[in-house]
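The values are calculated or read from the model by the stated rules, or taken from the named source; none is laboratory data. Predicted model, so just to flag it, every value in this text is computed and none were measured. Please note: Cβ atoms are built from the backbone with ideal geometry, for glycine as well, and neighbour counts cover all protein chains shown.
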């Protein structure tokens, strides 16, 4: 993947919950200063990771988007979560520099390899 996709509640199942590979999602909103500062850093992440899907969901865009954030334990923004077959396997909260994002994501993705090998999709 070479770009970050915009997620909405109506695309969540297809893009995240039933995705075959790992999916990294940025939970953000337009009134969050740290989210806006993180955005350009996050947008550069796909160039560092092959076979990883990157998305972002604006938690204030709709009631349904807020529900997704709440269902996944997002208590503040920005929150970045790593999903494996629709299950959260890691998260980062708050602003991070791109170097730190890459480092922490590499660790989380390495830890999710077992999940990707052994897990079955959510039904």
Self-check item: Qualifying positions in region 73-88 - under 16 Å from residue 16 (Cα atoms) and touching a strand residue (DSSP E or B) at 6+ places or on another chain (Cβ under 6 Å)
Solution: 74, 79, 80, 81, 82, 83, 88
Self-check item: The one condition in (1) buried (at least 16 other Cβ atoms within 10 Å of the Cβ); (2) assigned to a loop (DSSP other than H, G, I, E, B) that residue 101 fails to fulfil
Solution: (2)
Practice problem: Report yes if residue 122 is more than 14 Å from the chain's Cα centre (by Cα), at pLDDT 95 or above, surrounded by fewer than 20 Cβ atoms within 10 Å (Cβ to Cβ) and not in a helix (DSSP H, G or I), otherwise no. | Solution: no
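Condition check ((1) touching a helix residue (DSSP H, G or I) at 6+ places or on another chain (Cβ under 9 Å); (2) crowded, with 18+ Cβ neighbours inside 10 Å) across all residues:
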position	(1), (2)
8	yes, no
14	no, no
17	no, no
24	yes, yes
37	no, no
40	yes, no
44	yes, no
57	yes, yes
Quiz item: From 15, 6, 41, which residue is farther than 22 Å from residue 112 by Cβ and in contact (Cβ under 8 Å) with a residue 40 or more places away in the chain?
Solution: 6
Quiz item: Out of all the residues in region 68-83, is one or more surrounded by 20 or more Cβ atoms within 10 Å (Cβ to Cβ) and more than 10 Å from residue 27 (Cβ to Cβ)?
Solution: yes
